[in-house]
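The next block holds one structure in the form of structure tokens; read it before the comments.
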Amino acid sequence: MSAPIKSRTFKSGNSVALRLPKALGVEAGTEMTVREEAGRYIVEPVKQAGKKIDLTGIYGSIPGLKARIDAEREFDDPPRPWHLLDRSNEA
């Protein structure tokens, strides 16, 4: 844990704001949560959800890439010789 940094609140419109020094490395516009616990204020950045990739523009843009029909997504389930794995008869 690093050494505490002192800062002072100031009036911002109808609210009270707290300036966070540049040394803390907080980017401007970072969404934060503030909670009060036993008379102390805890300020933490909001956890960002993982980035989602929009693939809607991919269809049709790659030669040979086409939508799959349901029949192409089904696989045969051939019989398997599970009896060959039975080792209960070995000495």
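The values are calculated or read from the model by the stated rules, or taken from the named source; none is laboratory data. Every value quoted in this text rests on a predicted model; they were computed, and no experiment measured them. Note that we place each Cβ from the backbone using ideal geometry, even for glycine, and neighbour counts take in every protein chain shown.
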- request: Consider only pairs whose beta carbons are under 7 Å apart and that are at least six residues apart or on different chains; among these, list those whose first residue lies in the stretch 11-33 and is without any contact (Cβ under 8 Å) to a residue 60 or more places away in the chain and whose second residue is of a type in the set (S, T, N, Q).
  value: V16/T9; A17/T9; L18/S7; L18/T9; R19/S7; L20/S7; P21/S7
task: Tell me, please, whether a residue that is part of a loop (DSSP other than H, G, I, E, B) and at pLDDT 85 or above can be found in the stretch 40-62.
output: yes
- request: Evaluate the stretch 59-72: report whether one residue or more is touching a residue at least 12 places away in the same chain (Cβ under 8 Å) and surrounded by 10 or more Cβ atoms within 10 Å (Cβ to Cβ).
  value: no
task: Among the residues of the stretch 1-39, write down those that are among the acidic types (D, E) and part of a loop (DSSP other than H, G, I, E, B).
output: E27, E31
field: Subset of the stretch 1-20 that is among the basic types (K, R) and modelled with pLDDT of 90 or more - its residue that is surrounded by the fewest Cβ atoms within 10 Å (Cβ to Cβ)
entry: R8
